[in-house]
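This report concerns only the one structure given below.
The values are calculated or read from the model by the stated rules, or taken from the named source; none is laboratory data. Computed from a predicted structure; not experimentally measured. Cβ sites come from the backbone with ideal geometry, for glycine too, and all protein chains shown count toward neighbours. The area values use the complete protein model at the heavy-atom level, side chains included, leaving out ligands, DNA and RNA. Shrake-Rupley method; radii C 1.70, N 1.55, O 1.52, S 1.80 Å.
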Amino acid sequence: MQTLQQLINDNLYIDYFCRITASFICGFVLGFERKVKQHHTVGIRTLILISISSCMLSILSYYMAATGEQKGDPTRIAAAIVTGVGFLGAGAIVNQGLNIRGLTSAAITFAAAALGITCGAGLYMPAATVLVFCVITLVLISNLETKVFPIEKRKILKITVSSLDFDEKKIKAIIKSCGITIHDFDLTYSFENSTMCFIYTVHSPDSLDAKDFIATLNKIEGITNISLSKN
């Protein structure tokens, strides 16, 4: 009685179906993780399409090499997949003010293509191993990274005061007490209104309550305006 592996090897279409199904599962798992994390630049459908398309092109590449019907180097197809996915990955990266988002999504896009190529080559164990490590990285290591290195957002804090004698140390004390790190500092003065504006480029923790922070700063006498924005 034929084993499952022998049956797959003897029937080319079953073999191709298994490869495409494996690439579908890889794309689905990675896309599902992105949706759970609420990253909307890439999703389930996007990564499935990338994975199965890469798988199909990989199968085509192997078929051309095996039959010898086409001249040239069939491995160029796999190289072209990597180039094309690079453009898709770049599209997933979004610049939001001073913050850059989508780098992980771009890396996952590349991983989906790599898994699709691997499944297309019939290398199921390497594909399954990489998929498991991808999930571990995205779920377990992501949680560990968040605990050890809390997520920080880069923002611009502008504080306008009405007096040249204002003590800036009071502002810095409150900023540090709220867990905010000052990255850069600028100062502007308006001769027309006789007001001074402190401009801080800061890294704020993801857990920062902006309303409480501004309310605390507002208690300092002499402050006339406060602005906290992404750019």
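Our estimate of slack between residue 35 and residue 110, defined as 0.36 nm per intervening residue step minus the Cα-Cα distance, is 25.3 nm. Backbone N atoms of segment 121-138 closer than 11 Å to the 7 Å Cα→Cβ label point of residue 13 are not found in any residue.
For the residue pairs 147/169; 153/176; 37/176; 176/230; 176/219; 170/211, alpha carbon separations beyond 21 Å are given by 147/169; 37/176.
Approximating the spin labels as points 7 Å out from Cα along Cα→Cβ, the residue 101-to-residue 87 distance works out to 2.6 nm.
Let me make sure I get this right: for segment 184-231, a, b and c are the square roots of the gyration tensor eigenvalues over alpha carbons, sorted descending. Under 1.5 in a/c it's rounded, otherwise prolate if a/b > b/c, else oblate. Which is it? The shape class here is oblate. Overall, the accessible surface of segment 116-224 at a probe of 1.4 angstrom is composed of carbon and sulfur to the extent of 58 percent.
Packing around the peptides 183-196, 113-126, taken as the average count of other Cβ atoms within 10 Å per residue, puts them in this order, highest first: 113-126, 183-196.
Peptides 50-57, 209-216, 172-179 ordered by packing proxy, namely the average of other Cβ atoms within 10 Å per residue, highest first: 50-57, 172-179, 209-216.
For residue 76 and residue 206, a Förster radius of 30 Å and the Cβ-Cβ distance give a FRET efficiency of 0.10, rounded to the nearest 0.05.
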